[in-house]
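Here the structure is laid out as structure tokens; the discussion comes afterwards.
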Amino acid sequence: MTQRFTPENLSARIPWVFLAFLSQSIGILLLFVGGLIVVSFGVFPPNCVTMSNCNAGTLTNVDYGVMVGRLLLVLGLFGLAVGAGLHLQFRPALADGATPEQTRVYLARRRGEFVLLALTILLLFAIVGWYATLYT
């Protein structure tokens, strides 16, 4: 039973690289859509120069735009983090007798995925902190 769940057997059965690529692609798409929603719906309209021209519906729409955009940004960052984690966990080992160039590329990809994972975690904490400061 324990031999079934070794990383070698799991990586042979499930296309982890494709799942990581899919996760990161969906994450980037969600980041784009979340940013688009924040920019388009999370701002006051141009005809709202003073607060006397705006009604409560405008303020509600801005709040909902920011809330939905923040939710999509968090989901997008989660997708990027999952993809980076899958790449780090299930990347095939460097082949024996690899050239220095292959070793350099392999290590650069590993470092890049680690930086992406760390950066997405920090941005997630920043978004949660931003939410906590807005409503306290």
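A few comments on the model shown:
- Difference of contour (0.36 nm per residue) and Cα-Cα distance, VAL128 to ALA98: 6.5 nm
- Segments 120-131, 97-108, 15-26 sorted - mean Cβ within 10 Å per residue, highest first: 15-26, 120-131, 97-108
- Taking all pairs of distinct alpha-carbon atoms in segment 71-124, Kirkwood radius in angstrom: 12.1 Å
- Two-site FRET efficiency, LEU71 against ARG110, from Cβ-Cβ distance with R₀ of 30 Å, rounded to 0.05: 0.45
- Virtual spin-label span in nm between ARG91 and LEU29, 7 Å along Cα→Cβ: 2.5 nm
- Counted over all Cα-Cα pairs of segment 7-134, pairs farther apart than 17 Å make up 68 percent.
Laboratory data are not the source of any read-out in this text; all were calculated from the coordinates shown. Bear in mind the structure is a predicted one, so any value in this text is a computation, not a measurement. So basically every Cβ, Gly included, is an ideal-geometry build from the backbone, and we count neighbours across all protein chains shown.
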